[in-house]
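For reference, the structure discussed in these notes is given below.
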Ligand code: UDP
């Protein structure tokens, strides 16, 4: 297939491009490089441009016979979305709408969307399945849920088929060592803990140890980047075969506390990690664990990195062999 990957220079997008290209697809990456890296796009064609730019999109769709679009170009920082909602609604909603409308004008009707566990808000129960109430508690979650709703309506009215994949905590790096997580600023737990282990950071700050969990720290469901990407490929295939839109929650179904993650990082790196306790971070639910049985059943999806140690090992290799040398 010929697939346009929007945001293919970012963390998840770059791993997706590699996996799709290795499976024999023809890939075109569109990325404005606001957060992505040109050198993270190692396969296929690269076009620098913005998904809000109708001219660039039109020229891509006119000149290439695109079968499907995968969209990874969302802004992802919850805290920033609270302080600057306008940029989240502009990029994540308005620009995505522009992409969808341009696709519709060119009869491109297959769409894979990067969604998030943040659409559920404070969970009523865990693990969280697809039926769980959707009540986001921040503009980031709202922006993603708005697109999911738009996609429902576009499906009914225009025949746009879309699969939305709600990630829990994406983690780890390409086991070949070619790609990994490079967020600036980095806000995610695993890369920050590993920076503390490698000495690039003094300590890891733990945001709250008074949550109603076994050790008082927040529990999350960490899923390896390659397993996530695998689910996208399978979702695209199934969506085309069945001519049907879908929604999937993606995680391992197992929760690990912040303290457990730090212990695993100590074991994997063989280093001491200094821990500093901090107050809770706003907007963090105590426990977020996915019920991914629908993806397992319908997509025949089986995460290969079900073990947190394996996931952290790939991230540690990336920290030692790439990030520490920058
Ligand atoms: N966390 C932490 N210290 C950090 C970064 C994150 O204690 O420096 C905690 C955070 O409060 C949450 C968990 O680690 O409970 C995972 O956070 P992350 O930002 O990686 O992902 P999120 O769950 O917010 O998507």
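FYI, it's all coordinate maths here, none of it is from the lab. What you are looking at is a predicted structure, and each value in this text was computed from that prediction instead of being measured. Cβ sites come from the backbone with ideal geometry, for glycine too, and all protein chains shown count toward neighbours.
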Query raised in the report: Between residue 94 and residue 152, what length comes free when the chain is fully extended (0.36 nm per residue of separation minus the Cα-Cα distance, one decimal in nm)?
Result: 19.2 nm
Report task. Starting with the fewest neighbours, write out 261, 268 ranked by other beta-carbon atoms found within 10 Å of each beta-carbon. Result -> 268, 261
Requested in this report: Rounded to whole Å and sorted largest first, list the principal axis extents of the Cα atoms in the chain.
Outcome: 55, 43, 39
Query raised in the report: Looking at the square roots a ≥ b ≥ c of the eigenvalues of the Cα gyration tensor of region 261-325, which shape do they give, rounded for a/c under 1.5, prolate if a/b is larger than b/c, or oblate?
Result: oblate
Requested in this report: Would you calculate the separation in nanometres between label points at residue 1 and residue 54, each defined as 7 Å from the Cα along the Cα-to-beta-carbon direction?
Outcome: 2.7
Query - Rounded to 10°, Cα long-axis angle of helix 225-242 versus longest principal axis of the chain - result: 30
Report summary line: Shape descriptor, region 1-83: equivalent ellipsoid semi-axes (Cα gyration tensor, sqrt 5λ, whole Å, largest first) stand at 21, 16, 10
Query - Cβ-derived FRET efficiency at R0 25 Å, residue 267 paired with residue 178, nearest 0.05 - result: 0.50
Requested in this report: With runs of 4+ DSSP H residues as the only contributors, calculate the mean residue ellipticity of the chain at 222 nm using -39,500 (n - 2.57) per run, divided by the residue total and rounded to the nearest 500.
Outcome: -11500 deg cm²/dmol
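Order these by the 10 Å Cβ neighbour count, fewest first: 174, 124.
124, 174
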Report summary line: Going fewest to most other Cβ atoms within 10 Å around each Cβ, 70, 1 line up as 1, 70
Query - Difference of contour (0.36 nm per residue) and Cα-Cα distance, residue 320 to residue 297 - result: 4.6 nm
Query raised in the report: Could you give P(r) for region 183-308, binned at 5 Å from zero, as whole percent values over all Cα-Cα pairs?
Result: 2, 10, 17, 18, 17, 14, 10, 7, 4, 2, 0
Report summary line: For the chain, longest principal axis from Cα atoms; helix 11-22 axis from its Cα atoms; angle between them, nearest 10 degrees, is 60
Query raised in the report: Which shape class, rounded, prolate or oblate, goes with region 158-210 when its Cα gyration tensor gives a ≥ b ≥ c as root eigenvalues, a/c under 1.5 marks rounded, and past that a/b bigger than b/c marks prolate?
Result: oblate
Query raised in the report: Using every alpha carbon pair in region 130-254, what percent of pairs falls into each 5 Å bin from 0 up to the bin containing the largest distance?
Result: 2, 8, 13, 17, 19, 16, 11, 7, 4, 2, 0
